[in-house]
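What follows draws every value from the coordinates through simple rules; no lab data is involved. Values in this document were obtained by computation on a predicted structure and should not be read as measured data. Here the Cβ is made from the backbone with ideal geometry for all residues, glycine too, and neighbour counts use every protein chain on show.
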Amino acid sequence: MGLPLSADISNEDPAVVKKGEQLLADAVKAVRDIGGSKLGGILYSAHTKYATQPTDRGRKNSIAAIAGIADIAKVVGVDLVLEIVNRFETNLLNTAAQGLDFIKATGSDHVALHLDTFHMNIEEANPAAAIRLAADKIGYFHIGESNRGYLGDGVINFDLIFDALLDIDYQRDITFESFSSAVVDEGLSIACAIWRDTWTDNQPLAEHAKSFIELKRAEAARRRKTNRKP
């Protein structure tokens, strides 16, 4: 999920922050009630293109709010994972390093990072190095192509991505994410700037993604075995 501006916990207005805290608390409980295990996304700010730099007060408000929500999530058994996204979708956390600093500031052991190759391709100088840096703080992982379409049709070097995931022994969820206005909610399509559709039928797209991810994981394992010293 992503927060609306009216409930942005990185706002300086306490009333707006309070609305965001309530929205997040309700979302955590909804995840619990449907039998889910994770709440992820842009939980620390609004999902929007900001016109200003984040303020120190706003960042502190967000840190305090996430720390409180993490306590609620821990009690009900829901993981809290903060998605690191590009500069056009938040002004607060754009890199894994920023996310790690944010988590440290919360003082909570129940907050993890949600990394996404689409966003990392924009913001990280070295996405594979960012994966290794975040390591066991990665609680959820999105595989997405640079053009939001079929995996392999963009410019992301997935060999390096899967080598890094293997290096940190990542065992949690790997989820394919793609967007088409033919399928995705209109509001989310607009927020993610899906102005052209790279696909319209989701079944072959999903089948291809599953095969692609399995192939890249297997190739990474073979490289590891081949490069291992006797």
Final fewest-first order of Ser180, Ser211 on the 10 Å Cβ neighbour count is Ser211, Ser180
Rounded to the nearest 20 debye, what is the charge dipole size of the chain about its Cα centre when +1 sits on each Lys and Arg Cβ and -1 on each Asp and Glu Cβ? 700 debye
Among Gly107, Leu82, Asn94, which residue has its Cα furthest toward the positive end of the charge dipole of the chain, with +1 on Lys/Arg Cβ and -1 on Asp/Glu Cβ? Gly107
List, in the order given, every pair from Lys137/Lys216; Lys19/Lys49; Lys18/Lys104; Lys104/Lys210 whose Cα-Cα distance in the structure shown is over 24 Å. Lys104/Lys210
State the extension gain, in nm to one decimal, for the chain segment bounded by Gln171 and Arg223, taking 0.36 nm per residue of separation less the distance between their alpha-carbons. 16.9 nm
Across the alpha-carbon set of the stretch 1-93, Rg over Rh with Rh taken as the Kirkwood radius works out to 0.96
Leading residue at positive end of dipole, the chain (Cβ point charges), from Asn121, Ser146, Trp199: Asn121
For Met1, Met120, which order do you get if you count the other beta carbons within 10 Å of each Cβ and list the fewest first? Met1, Met120
Viscosity 1.002 mPa s, temperature 20 °C, Stokes-Einstein D of the chain from Kirkwood C-alpha radius, µm²/s: 117 µm²/s
Per residue, the convex hull volume that the Cα atoms of the stretch 102-230 enclose (Å³): 135 Å³
Going through the DSSP H helices of the chain, which span 18 Å or more along their own axis at the Cα atoms while scoring at least 0.0 as a mean Kyte-Doolittle hydropathy? 56-76
